[in-house]
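Just so it is clear, none of the values below were taken in a lab; they were calculated from the coordinates. The shown structure was predicted, so the numbers you read here are calculated from the model rather than taken from an experiment. Backbone-built Cβ (ideal geometry, glycine too); neighbour counts: all protein chains shown.
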Amino acid sequence: MQPTGKLFIITDTTVGRLYGRTLQREFAGGGNDVVLLDIPPGEGSKNHRSVHALHTQLLKGGVGRDSFVIALGGGVVGDVAGYVAATILRGIPFIQIPTTLLAQVDSSVGGKVGVDHPLGKNLIGAFHQPAAVYVDPDVLSTLPAAEYRNGLAEVVKIAAALDHRFFADIERNVRNIKSGNARTVIDLIHRAIALKAAVVMKDEKETGLRKVLNLGHTIGHAVETASGFRLRHGEAVSIGLSVEGRIACDMGLMAKKDYRRLVALLTAFRLPTRLPGTMNGKKFLAALAADKKNEKGGTRFVLLKRIGQPVVGVEVPDQFIRSFFQ
Ligand SMILES: NC(=O)c1ccc[n+]([C@@H]2O[C@H](COP(=O)([O-])OP(=O)(O)OC[C@H]3O[C@@H](n4cnc5c(N)ncnc54)[C@H](O)[C@@H]3O)[C@@H](O)[C@H]2O)c1
Ligand SMILES: [Zn+2]
């Protein structure tokens, strides 16, 4: 795809330093006028202040309906830049160039864009599909190990929710995945994107099937919020997958064997699987309760019956959640 209008690359300062100029030159070589904009790295930038500042820079920079936004970075940049594209001039097209494993396998695909609100994560947003997603696995070479692990949590989620064969292949390939073996990683990214894209194509606006991708995220978001975003999203999701697994076992839904496989795989990737000892129980339960407002009649979970067999909309009695704090 070759856009014709003015291009606005939105990145964060870390990714900008590594790849911003190269990408700017690349697009400018195609004859485009290319502006490079950045936000500070991290979840702290995923808010209305960044969106407002970027709106202003785009408007002053001469954005038009033929302009494109290019999101160059991790999930934070993708979510913010995508939301800026969705809202400026009532929506202009955007392209995703994800640079973290998490963004490559998950957040760049599916069109969910948005920012956090002081009252909760991802509460402000839109559905705005990218015109294209370009994945270059080579950029993962500069990604810190902790960020790589962070992405693996979403890969485990996708496999556990959608495909038991993929899950078993990941179990078999732990060593190659951890060492970043190129062929293994490319295959991993391919399969994860294909699985997610298939779900999104069937249920773009999350009225049903797409909810399965929230596996691990009910507890995960509550842990992430209660930690004051000190935990990375993927780390919180890993804890969420494991704690929700325990709940599914306690409720007699999932067999212990499957729960153990899930925890073993997350542990093999050195991802956390327990609520942090320092977790403020009150904050955690409040964050979970805030989620309740989204659906009638209590917190609804996606739980696993087996690896690859999720059940959506499970009502979990409070006792199963409170048991973690006793
Ligand atoms: N929209 C969706 O469907 C969706 C899905 C999953 C997660 N998310 C969101 O994604 C966000 C998390 O994304 P993330 O984990 O990518 O975090 P992130 O965007 O904060 O990136 C993590 C860190 O890695 C750095 N970085 C990025 N690419 C790099 C590279 N190639 N080399 C060196 N450093 C690099 C960044 O500067 C940042 O400091 C959360 O806000 C989460 O809610 C959205
Ligand atoms: Zn996620």
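Annotations for the structure displayed:
- Peptide packing: for 179-191, 20-32, the average count of neighbouring Cβ atoms within 10 Å per residue gives the ranking 179-191, 20-32, highest mean first.
- Label-to-label distance, nm, for residues given as residue 201 and residue 268 (7 Å Cα→Cβ offset): 3.0 nm
- Listed residues 315, 224, 43, most fluctuating in the chain (Gaussian network, C-alpha, under 10 Å): 315
- Eligible lysines near residue 305 by straight Cα distance, threshold 25 Å, same-chain separation 8 or greater: 157, 196, 202, 205, 211, 256, 257, 292, 296
- Summary of packing: across the peptides 107-113, 138-144, the per-residue average of other C-beta atoms within 10 Å ranks them, highest first, as 107-113, 138-144.
- Full-stretch length increase - residue 47, residue 322 - with 0.36 nm per residue and alpha-carbon distance subtracted: 95.9 nm
- FRET efficiency, 1/(1 + (r/R0)^6) with R0 45 Å, evaluated for residue 289 and residue 26 via beta carbons: 0.40
- Amide N proximity, segment 71-104 versus residue 127 label position 7 Å along Cα-to-Cβ, cut-off under 19 Å: 79-80, 82-88, 90-96
- Axial C-alpha extent at least 15 Å, average Kyte-Doolittle at least 0.0 - helices from the chain (DSSP): 75-87, 145-162, 182-202, 233-250, 281-292
- Integer Hz, Karplus 6.51/-1.76/1.60 couplings in order for segment 129-137, x for Gly and Pro: 6, x, 5, 7, 10, 10, 10, 10, x
- Given +1 at the Cβ of Lys and Arg, -1 at the Cβ of Asp and Glu and no other charges, the dipole of segment 17-76 around its Cα centre is 140 debye to the nearest 20.
- Nearest-20 debye value, segment 233-291 charge dipole, Cβ charges on Lys, Arg, Asp, Glu: 240 debye
- Dipole orientation for the chain: of the candidates 83, 221, 125, 221 has the Cα lying most toward the positive pole (charges on Cβ; Lys, Arg +1; Asp, Glu -1).
- Theoretical ellipticity at 222 nm over the chain - DSSP helices of four or more residues, -39500 (n - 2.57) apiece, nearest 500: -14000 deg cm²/dmol
- By the rule of a C-alpha distance below 19 Å, with chain neighbours fewer than 8 residues away ignored, the lysines paired with residue 60 are 6.
- For residue 254, nonlocal amide neighbours, meaning residues 5 or more places apart or on other chains whose placed amide H falls under 5 Å from its own, are 249.
- In the elastic network of the chain, a GNM with C-alpha springs shorter than 10 Å, the most mobile of 208, 114, 75 is 208.
- Between segment 196-239 and segment 115-183, the Cα center-to-center distance that results, in Å: 12 Å
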